[in-house]
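Where a number appears in this text, it was derived from the coordinates with a stated rule and is not lab data. The structure displayed is predicted, hence computed values, not measured ones. Cβ coordinates were reconstructed from backbone atoms using ideal geometry, including for glycine residues, and neighbour counts include every protein chain displayed.
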Amino acid sequence: MTSTPFATLTPELMLDALESIGLRPDGRLIGLNSYENRVYQIGIEDEPMRVVKFYRPERWSDDAILEEHAYATELAGREIPVVAPQNIAGNTLHHHGDARFALFPRVGGRAPELDNPHTLEWMGRFLGRIHAVGALQPFRARPTLDVHNFGEEPRDWLLAHDFVPADLLPAWRGTVDQALEGVYRCFDRAGAVAQIRLHGDCHASNVLWNEAGDPPGPQFVDFDDSRMGPAVQDLWMLLSGERQEMNTQLADILAGYEDFHDFSPRELHLVEALRTLRLLHYSAWIARRWDDPAFPVAFPWLNTQRYWQDRILELREQIALMDEPPLWSN
């Protein structure tokens, strides 16, 4: 990773990049909430505003980005409401100097009301359609969500780079190892489950809801974390609350989902395991980006005792939850 990602990404360079693909920017650049990449609303002369994403250096290969673009474009071509990159002069991924970028249409909307059964069923229908397409062929250049990539490797990276306070290290490492043992047990109980192309990061902030849109309802955005994995990865982040609440929410989602794609109940053994992996991956993700000036400002608590104490307690709760029966069981 470069020592200072995006250090050369000045407003002048961004405007020059847009001009290099034949656009006429009018100077309006409005930063959007994104830490992994740099994303802006841009004004174009005599055209609607668009969104430009400048990709983090060295995170994805060009092939991996193009594979993400192809998946989103395939979904959009089947009239599934995803925000796909725009094809300009035969390309969706553009280069200007060291910068790689893509253009997207600007879409509006609000956060979905995940406490509304109608909303959950509606989202479930489109997730079922997304997964039906995702199951048609695999990714070749993008990774798979598994215990090694999302659990063991982040653990090892954090240990190698001394982010965990020394006095908490034995407790943290022991708890993480115990948590990963629980994750493996969950995967064993689930057995062989289908690996399909996923959105990969399907939480409420990556869904824009607009009932007056075309089509009305949800618009799924930001396939940047798209990868291979079990279908339930795109479902569990929409669940919250106590067990009975999550059971009800899951039933609402699947009422729409299974109109378009089969769901294996065995994947429910993976819900708490995937949540555990996400917790480990998230801590390592922040730590890996510490050379990006945006991260110490946004996540100042990473280097505090309290943060790592809370992570130990959080993982201990997950260890207990992973040994409970899966959702929908008595």
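For the reader, a short list of remarks on this structure follows.
- Helix-derived mean residue ellipticity, 222 nm - over the chain, DSSP H n ≥ 4, -39500 (n - 2.57), to 500: -13000 deg cm²/dmol
- Peptides ranked, highest mean first, by Cβ atoms within 10 Å: ranges 9-17, 117-125: 117-125, 9-17
- Packing here is the average count of other Cβ atoms within 10 Å per residue, and on that basis the peptides 162-170, 254-262, highest first, run 254-262, 162-170.
- Beyond 17 Å, the tail of the calculated P(r) for the range 11-105 holds 49 percent of the Cα pairs.
- Annotation: peptides 311-322, 127-138, 217-228, ranked by per-residue average of other Cβ atoms within 10 Å with the highest first, follow the order 217-228, 127-138, 311-322.
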